[in-house]
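The values are calculated or read from the model by the stated rules, or taken from the named source; none is laboratory data. Because the structure is predicted, anything quoted here is derived from the model rather than measured. Reconstructed Cβ throughout: ideal geometry from the backbone, glycine too, with neighbour counts over all protein chains shown. To get the accessible areas, we keep the full protein, side chains included, count just its heavy atoms, and leave off ligands, DNA and RNA. Shrake-Rupley method; radii C 1.70, N 1.55, O 1.52, S 1.80 Å.
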Amino acid sequence: MDALVERVTAWFADAARDLPWRAPDRTPWGVLVSEVMLQQTPVVRVEPVWREWMGRWPSPADLAAAPTPEVLRAWGRLGYPRRALRLADCARAIVERHGGAVPSDEEALRALPGVGEYTAAAVRAFAFGRRAVVVDTNVRRVQARTVTGDALPAPSYTAAERRLATSLVPDGDTDAAAWAAASMELGAVVCTARVPRCDACPVRDLCAWRLAGFPPDEHAHRRRTQSWDGTDRQVRGRVMATLRGADGPVPRALLTDAGPEAQLDRCLAGLVEDGLAETDDAGRFMLPV
DNA sequence: GATGCGTGGGA
DNA sequence: TTCCCAAGCAT
């Protein structure tokens with residue numbers, strides 16, 4: 001197991017992508033912002049938004065004071081706009097609870113809006129260089145293949161995976177943080193889900209999945225292909241795109257292209273409920289002030 | 001523990 | 001074209 005960690009870490013020292021939230025002048029806040037934006041959203045789409053965002057709101061206090069419509073417009077088309085609201089809530093919580101400085105304690109991080117097990121660990125490791133068990137979808141896949149010998153991890157994160165991940169993390173802060181970054185990077189650029197680049201892998205000779213002859217994914221039948229066409233998500237996305245692009249309040253009549261009447265009303269109510277939209281006295285819709 | 005939640009690009 | 005899926009979280 002040591003060889004796995006050492007070699008992946010050594011590989012990373014050379015192969016790491018040059019990302020702005022990894023720059024020497026990065027801040028804990030910048031790291032936190034990147035982690036939230038990267039929740040289910042690819043690096044290539046996050047990078048330009050992150051740069052714009054950090055130029056505009058370089059500290060938690062800056063974002064805490066930002067008007068919500070500007071926050072939602074700056075979030076743009078990253079997807080899951082509730083993350084933008086939570087990030088603003090998170091900024092306010094950091095100001096109120098921590099004097100405007102991102103905490104390094106994992107429990108305090110976990111208590112922030114939009115920060116779960118993964119993000120708290122990632123911020124601790126990447127922003128503060130401290131030891132943490134950082135397990136994202138990349139790490140799960142790398143573990144599943146190199147150690148367990150499976151093509152892909154189970155659909156949901158298991159206790160066994162957490163135990164294995166914990167056992168792999170080196171003792172010291174520096175080594176642990178390096179392993180976190182390296183294992184994620186390997187999964188992101190080499191040990192990819194669809195077409196892994198095994199010839200570029202630093203640990204192909206010890207990979208349990210390869211040594212077993214690349215057995216197929218045993219969970220394939222359980223991986224539900226998430227339908228998209230006609231979903232509330234699609235309708236909500238269309239409504240939000242319209243509201244972001246509008247200068248002022250939008251009459252409901254201008255939103256009917258988003259979906260069937262009943263579904264539209266359900267989605268509008270949901271967006272208001274979620275704090276992503278508001279109505280005025282005339283019943284028009286807009287981004288929440 | 002299962003669901004709901006956006007979006008766009010690559011195979 | 002269709003399908004898959006990308007640094008998860010909250011409920």
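Note on region A:230-262: residues that are among the charged types (D, E, K, R), near DNA strand B (Cβ under 10 Å from one of its atoms) and either exposed (fewer than 11 other Cβ atoms within 10 Å of the Cβ) or farther than 16 Å from A:Thr279 by Cβ (or both) total 4. A:Thr137 meets all of the listed conditions (1) within 15 Å of the chain's Cα centre (by Cα); (2) open to solvent by 20 Å² or more (accessible area, probe 1.4 Å); (3) over 17 Å from A:Leu186 (Cα atoms) but one, namely (3).
Of the numbered criteria (1) part of a loop (DSSP other than H, G, I, E, B); (2) open to solvent by 10 Å² or more (accessible area, probe 1.4 Å); (3) modelled with pLDDT of 95 or more, the one A:Ser156 fails is (3).
Pairs are defined by a Cβ separation below 6 Å, a sequence spacing of at least 6 or placement on different chains, a first member in region A:198-210 that is over 17 Å from A:Thr148 (Cβ atoms), and a second member that is of a type outside the set (A, V, I, L, M); the pairs so defined are A:Pro202/A:Arg7; A:Pro202/A:Trp11.
For A:Ala258, state whether it is outside the structural domain of A:Arg145 (by TED's automatic domain parsing), among the small types (Gly, Ala, Ser), within 18 Å of A:Arg77 (Cα to Cα) and touching a residue at least 24 places away in the same chain (Cβ under 8 Å).
Details: outside the structural domain of A:Arg145 (by TED's automatic domain parsing): yes; among the small types (Gly, Ala, Ser): yes; within 18 Å of A:Arg77 (Cα to Cα): yes; touching a residue at least 24 places away in the same chain (Cβ under 8 Å): no.
Here the answer is no, as A:Ala258 does not meet what is asked.
The number of residues in region A:47-70 that are open to solvent by less than 30 Å² (accessible area, probe 1.4 Å) and assigned to a loop (DSSP other than H, G, I, E, B) comes to 2.
Give A:Gly116, A:Gly99 a once-over and let me know the one that is away from DNA strand C (no atom under 16 Å from the Cβ) and loosely packed, with under 15 Cβ neighbours inside 10 Å. So the residue among A:Gly116, A:Gly99 that is away from DNA strand C (no atom under 16 Å from the Cβ) and loosely packed, with under 15 Cβ neighbours inside 10 Å is A:Gly99. In region A:133-160, the residues that are at positive phi reach residues that are of a type outside the set (D, E, K, R) with C-beta atoms within less than 8 angstrom, at least six apart or across chains, in these pairs: A:Gly149/A:Ala208; A:Gly149/A:Trp209; A:Gly149/A:Leu211; A:Gly149/A:Ala212; A:Gly149/A:Pro215. Checked against (1) surrounded by 14 or more Cβ atoms within 10 Å (Cβ to Cβ); (2) within 11 Å of DNA strand B (Cβ to nearest atom), A:Glu273 meets all criteria but (1). Considering each residue of region A:273-284 in turn, at least one proves to be within 16 Å of DNA strand C (Cβ to nearest atom), within 26 Å of the chain's Cα centre (by Cα), without any contact (Cβ under 8 Å) to a residue 60 or more places away in the chain and outside the structural domain of A:Asn138 (by TED's automatic domain parsing).
Being more than 24 Å from the chain's Cα centre (by Cα), on the phi < 0 side of the Ramachandran plot, exposed (fewer than 15 other Cβ atoms within 10 Å of the Cβ) and assigned to a helix (DSSP H, G or I) is a description that applies to A:Asp205. Name the one entry in A:Arg92, A:Arg83, A:Arg73 that is basic (Lys, Arg), in a helix (DSSP H, G or I), assigned by TED's automatic domain parsing to the domain that holds A:Val203 and open to solvent by less than 60 Å² (accessible area, probe 1.4 Å). None of the others qualify; the one that does is A:Arg83. The number of residues in region A:1-47 being within 13 Å of the chain's Cα centre (by Cα) and acidic (Asp, Glu) comes to 2. Is one or more of the residues making up region A:121-133 at pLDDT 95 or above, within 24 Å of A:Pro196 (Cβ to Cβ), within 9 Å of DNA strand C (Cβ to nearest atom) and among the small types (Gly, Ala, Ser)? Looking for residues that are at pLDDT 95 or above, within 24 Å of A:Pro196 (Cβ to Cβ), within 9 Å of DNA strand C (Cβ to nearest atom) and among the small types (Gly, Ala, Ser), one finds at least one in region A:121-133, hence yes.
Scanning region A:1-21 for residues being open to solvent by 80 Å² or more (accessible area, probe 1.4 Å) and either within 23 Å of A:Glu106 (Cα to Cα) or modelled with pLDDT under 95 (or both) gives a total of 2.
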